[in-house]
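Participant: A single structure is presented below for examination.
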Amino acid sequence: MKPADLTNKILPEDLFLGLICLERKRAERSRKTFFLLLLELESGIEQARRAVLGEALIRVAQSTRRETDPAGWYKNGSALGILFAELGTLAEESVVEMVSERVRQCLSTELDSEDLRRVTVSIHTFEEDSQNKGPKDRLNTRFYPDLAHRERDRRVSLSIKRAIDVLGSSAGLFLLAPLFGVLAILVKLSSPGPVLYRQRRVGQYCVPFDLLKFRSMLVDNDSQIHENYVKTFIAGKADPGAMKSTGGAVYKIKDDPRVTALGRFLRRTSLDELPQLWNVLKGEMSLVGPRPSLPYETAVYHAWHKRRLIEAKPGITGLWQVCGRSRTTFVQMVRMDLQYSATRTSLMDLQILLMTPKAVFIGDGAC
């Protein structure tokens, strides 16, 4: 098919999904909004009727889109999509309302009332600029059709990784049980409050979960101190000296007034993170992966930053922890996470696990 033919053809599934991925990557760089309209048929329709309805959806798509808006099968024979980009100064609400109304009119012309009930119309918005917007509970994976293909290709390696996580976390929880008991007593004696601290984090595909740590701070503290620091760090304006006394942990503030004396020791040795083995056993985390994000951190991510939340499950340790630590800027950290996601193997995970104690001890990366 020649490039000129793309303007008046309904594209096959593989080509249309490829265009979605390409447009998403463009939006990540250009910080522009684009929309994906989907016309989906309900399941259980007999093949002959499905073919007839599919032809009707094609006519609706051709009547609705501009010549420059690609249309194609999101799912062959059952879900048709249109990409709307380069919409100028039109507001998101105006575009959604305008397109929705036009689609409804075209559908009512092509289909009777019974068939109309078999079609679901949805419009999905991809926005790069996430400033001042909280993270959604779920990532809109409609814009990431490449993920499903990648996970199918990596099915065996992902199964092996999960098996290692289950065995490793189970063994760790069993063997370290006496140390858990000692640390629990020390935390209880160090200051009033619970032994474990539950912190809301953003996991893979932006699914929230409660991360467990041994409590290292006073109770009822103000998180605004850390929130301001994290936003400054992501913007690349954090003082590198603010990390020197924290074991090189880039998200932790030097001389944080909220941290107890025992808490400083736990953080410097990373012993406060041992309860995360339970998160690994539950499947919310992995032994090795990107650092799990905080909700107020994710709220100021750009779209390409969020790829670190998509392409791998968060881990207790990871590539940037053993190769970056205090030398790492936020952008470098994201790039390391993406590098790990693209090249990870069981051998790499083992190497990172073996390098982690040294990285923790010297506080400046082990690479």
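Participant: Out of the residues in the range 206-223 that are at pLDDT below 80 and not acidic (Asp, Glu), state the one that is farthest from Val280 (Cα to Cα).
Facilitator: Here the answer is Asn221.
For every residue, the table says whether it meets (1) surrounded by fewer than 17 Cβ atoms within 10 Å (Cβ to Cβ); (2) part of a loop (DSSP other than H, G, I, E, B).
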position: Ser159; (1), (2): yes, no
position: Arg162; (1), (2): yes, no
position: Gly168; (1), (2): no, no
position: Phe174; (1), (2): yes, no
position: Leu186; (1), (2): yes, no
position: Gly193; (1), (2): yes, yes
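Participant: I've got another one for you. Can you tell me which residue is farthest from Pro12 (Cα to Cα) among those in the range 47-81 that are in contact (Cβ under 8 Å) with a residue 60 or more places away in the chain and in a helix (DSSP H, G or I)?
Facilitator: Among those residues, the one meeting the criterion is Leu53.
Participant: Of all the residues that make up the range 210-223, how many are under 13 Å from Pro275 (Cβ atoms) and assigned to a strand (DSSP E or B)?
Facilitator: The qualifying residues number 5.
Participant: Let me ask you something else. Out of all the residues in the range 293-311, is one or more assigned by TED's automatic domain parsing to the domain that holds Leu158, hydrophobic (A, V, I, L, M, F, W, C) and either crowded, with 22+ Cβ neighbours inside 10 Å or part of a helix (DSSP H, G or I) (or both)?
Facilitator: Checked the range 293-311: at least one residue is assigned by TED's automatic domain parsing to the domain that holds Leu158, hydrophobic (A, V, I, L, M, F, W, C) and either crowded, with 22+ Cβ neighbours inside 10 Å or part of a helix (DSSP H, G or I) (or both).
Participant: Related question: Have a look at Val95, Val103 and point out the one that is modelled with pLDDT under 80, assigned to a helix (DSSP H, G or I) and among the aliphatic types (A, V, I, L, M).
Facilitator: Matching residue, one of Val95, Val103: Val95.
Participant: Another one. Name the residues in the range 312-324 that are surrounded by fewer than 23 Cβ atoms within 10 Å (Cβ to Cβ) and modelled with pLDDT under 85, would you?
Facilitator: Matches in the range 312-324: Cys323, Gly324.
Participant: For Thr141, only one of the following conditions fails: (1) of a type outside the set (A, V, I, L, M, F, W, C); (2) at pLDDT 90 or above; (3) not assigned by TED's automatic domain parsing to the domain that holds Glu13. What is its number?
Facilitator: (2)
The values are calculated or read from the model by the stated rules, or taken from the named source; none is laboratory data. None of the values given here were measured: they were computed from a predicted structure. All Cβ positions, glycine included, derive from the backbone under ideal geometry; neighbour counts span all protein chains shown.
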